[in-house]
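*Asks:* Okay, here's the structure, questions in a sec.
Just so you know, all these numbers are worked out from the coordinates, no wet-lab data involved. Just so you know, these numbers come straight off a predicted model, no measurement behind them. Virtual Cβ from ideal backbone geometry, glycine too; neighbours counted across all protein chains shown.
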Amino acid sequence: MAQEALAYVSGTLNWSRIVAVWLLIIAAETVHGALRQAYLAPLMGDFPARRLAVFTGILLIFAITWLCIRWLQLSGTRALIQAGALWATFTMLFEVGLGRALGYDWERIFADYDLAQGGLMGIGLLAMLFAPLLAARLRAEPP
């Protein structure tokens, strides 16, 4: 039963294209983060700059997704959500790994995900989860 489910899921998704678009997104987000640290954080402080960057990052993610959605060749709500879930999972792992590599402690890393502390990364990941579905709906050809 589990093998049948895995075959179904892997058969409906083009994993290499999904990962390629995620790599494009994460490269753009990395540049976005570097620019935020270089220009925005000195003006307004690190934490407020990170909060603002969540919204500009969402726009960046959506723009890339919108441009690439047809190339991804995903069909159906399930496949679109699965692609977004993979992107969100990879992104969280990347962010945590990068944070640790830069010497940030766990408290600093997870503060970005804690709404109670003003962290908005969870909202960014939620937007990433639904970006393929929204982009597909907006790029759909009229009947």
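*Asks:* What is the spin-label model distance, in nm, from His32 to Ala20 if the labels are put 7 Å beyond Cα along the C-beta direction?
*Replies:* Simple spin-label model gives 2.2 nm for this pair.
*Asks:* Let me know the charge dipole size of the chain about its Cα centre in debye, to the nearest 20, where only the beta-carbon of Lys, Arg (+1) and Asp, Glu (-1) is charged.
*Replies:* It works out to roughly 380 debye.
*Asks:* Go ahead and set up a Gaussian network model of the chain, Cα springs under 10 Å, then flag whichever of Glu95, Glu107, Glu29 fluctuates most.
*Replies:* In this elastic network of the chain, the residue with the biggest mean-square fluctuation among Glu95, Glu107, Glu29 is Glu107.
*Asks:* Rounded to two decimals, what is the ratio between the C-alpha radius of gyration of the stretch 36-138 and 2.2 N^0.38 Å?
*Replies:* In units of the globular-protein estimate, the stretch 36-138 measures up at 1.16.
*Asks:* Short version: ³J(HN,Hα) in whole Hz for each residue of the stretch 54-68, in order, from phi by Karplus 6.51 cos²θ - 1.76 cosθ + 1.60 (θ = phi - 60°), x for Gly and Pro, what are they?
*Replies:* With coefficients 6.51, -1.76 and 1.60, one gets 4, 6, 5, x, 4, 4, 5, 4, 5, 4, 5, 4, 4, 5, 9 Hz.
*Asks:* Which value at 222 nm does the chain reach when only helices count, each DSSP H run of 4 or more adding -39,500 (n - 2.57), with the total divided by all residues and rounded to the nearest 500 deg cm²/dmol?
*Replies:* Result for the chain: -26000 deg cm²/dmol, rounded to the nearest 500.
*Asks:* By how many nm would the segment from Leu59 to Met44 lengthen if fully extended, with 0.36 nm per residue of separation less the alpha-carbon distance?
*Replies:* So the chain would gain 3.3 nm between Leu59 and Met44.
*Asks:* In addition: Helix 15-35 sits at what angle to the longest principal axis of the chain, using alpha carbons and giving 0 to 90 degrees rounded to 10?
*Replies:* For helix 15-35, the angle is close to 20 degrees.
*Asks:* With an 8 Å cut-off on Cα pairs and a minimum separation of 6 or more residues, tell me the relative contact order of the chain in percent.
*Replies:* Across the chain, relative contact order equals 30 percent.
*Asks:* Using the Cα centre of the chain as origin and beta-carbon charges of +1 (Lys, Arg) and -1 (Asp, Glu), tell me which of Thr91, Pro48, Met128 is placed farthest towards the positive end of the dipole.
*Replies:* Going by the charge dipole, the pick is Met128.
*Asks:* Let me ask something else. Which length gain, in nm to one decimal place, applies between Thr77 and Arg100 when the Cα-Cα distance is subtracted from 0.36 nm times their residue separation?
*Replies:* That works out to 4.8 nm of additional length.
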